[in-house]
Amino acid sequence: MPALIVLLQALMFAVSGPPTSPEYLPIRVAEAEGYFAAEGLAVTVRTTRAESGATQSPMMFFGLTAAPAVALLVAGPHTSAVRSIEDLSAMRVGVTTPGAPEHAWFGWLLARSGMSIAQVRIRSLGERGLVAAIDSGDVHVALVPEPMASQLLSQGRAKLLADFRTPRAAATTLGSSTVNAAVFTRPERRAPDHDLAAVIRALRKAEQRIQTADARDLAARLQTRVVGEPTDFETRLGASRGLYLPDGHVTADQLAQTIAIIRAHTPLPQSVKIPKPEDMLLQIKASAR
């Protein structure tokens, strides 16, 4: 009987953010469940702060989330004083970390109401400090990540003011659709279309698995650093189920809106040239899918 030799296409995923980040859970699940290997791909997942060194602008081929998975919550003691975004002038806004991606989305939300970040008082408190400040009323509102946001709302400790946690909620809040976390490839090191199509299939399977998986069963298959605190994983998994863009699909309009949000928050030098949104989206041939 002849030996069976399987040639695997080696691919490297450079994933930003902490291993427990729900935005990138489909990548972690696809790796752990063998979905990449089933597609004939040898995938290495590496956590990094930022991917650098590319000679050309990266191209997006799969969208993960529409916006940072946060909700803007009103602290319980201030629910009578804060009823709309227009009420936030001069008020204290709690965040977990300075410079987090959700700051840009919050800034755009303020701009839609004729305000700016300079008109509110931002306080960076960390996750534990943020919860304490909400309970005590030391902040009026806070940008709270999942699953903490869902927990505070279900326990009646805060009131929802604006929601970015699902694609539909983010579009309603912002008045348009956006994209936050996504999978990119370098043009100068681009894999063949049939391999990128295989990545897409594996990620879609992973998202389907997230929708139906038992938390204990899935946690047993994931790396410990991805699971994080075991007692919190079930809550994080539940909060992740509504997070992802359907089928990973992203349009040029979504990307254009996202670029506008980021540029409004962090003005770029004139020397920085951003390609047209349609040129940043990689179209994979239908025959490869």
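Each value in this text was obtained by applying a stated rule to the coordinates, not by laboratory testing. As the structure is a computational prediction, the values presented were derived from the model and not from experiment. Positions of Cβ are backbone-derived with ideal geometry, glycine not excepted, and every protein chain shown enters the neighbour counts.
Overview of values
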{"item": "Residue-averaged 222 nm ellipticity for the chain, from DSSP H runs of 4+ at -39500 (n - 2.57), nearest 500", "result": "-10500 deg cm²/dmol"}
{"item": "Listed candidates (1) 1.05; (2) 1.00; (3) 0.97 - label of the one calculated as Rg/Rh (Cα atoms, Kirkwood Rh)", "result": "(2)"}
{"item": "Loop-located GluC sites (Glu not before Pro) in region 207-289, at most 14 other Cβ atoms within 10 Å (DSSP)", "result": "none"}
{"item": "Net lengthening on full extension, residue 100/residue 118 (0.36 nm per residue, minus Cα-Cα)", "result": "4.8 nm"}
{"item": "Ordering of 215-226, 11-22, 71-82 by burial proxy (mean other Cβ atoms within 10 Å per residue, highest first)", "result": "71-82, 11-22, 215-226"}
{"item": "Dimensionless Rg ratio for region 84-208, taking C-alpha atoms and the 2.2 N^0.38 Å reference", "result": "1.31"}
{"item": "Per-pair calculated FRET efficiency, R0 = 45 Å: residue 208 and residue 80 via Cβ, rounded to 0.05", "result": "0.55"}
{"item": "Gained length - residue 215 relative to residue 234, 0.36 nm times residue gap less alpha-carbon distance", "result": "6.3 nm"}
{"item": "Rounded Å value of the spacing that divides the Cα centres of region 230-246 and region 138-159", "result": "16 Å"}
{"item": "Aspartates and glutamates with Cα under 14 Å of residue 276, excluding same-chain neighbours fewer than 8 positions away", "result": "253"}
{"item": "Most to least packed among 199-206, 35-42 [average Cβ atoms within 10 Å]", "result": "199-206, 35-42"}
{"item": "Separation of the residue 263 and residue 151 label points, Cα + 7 Å toward Cβ, nm", "result": "4.0 nm"}
{"item": "Model label zone, residue 91; criterion: amide N under 15 Å from point 7 Å along Cα-to-beta-carbon; scope region 124-143", "result": "134-143"}
{"item": "Paired Rg and Dmax values of region 181-289, which use every Cα atom, in angstrom", "result": "17.7, 51"}
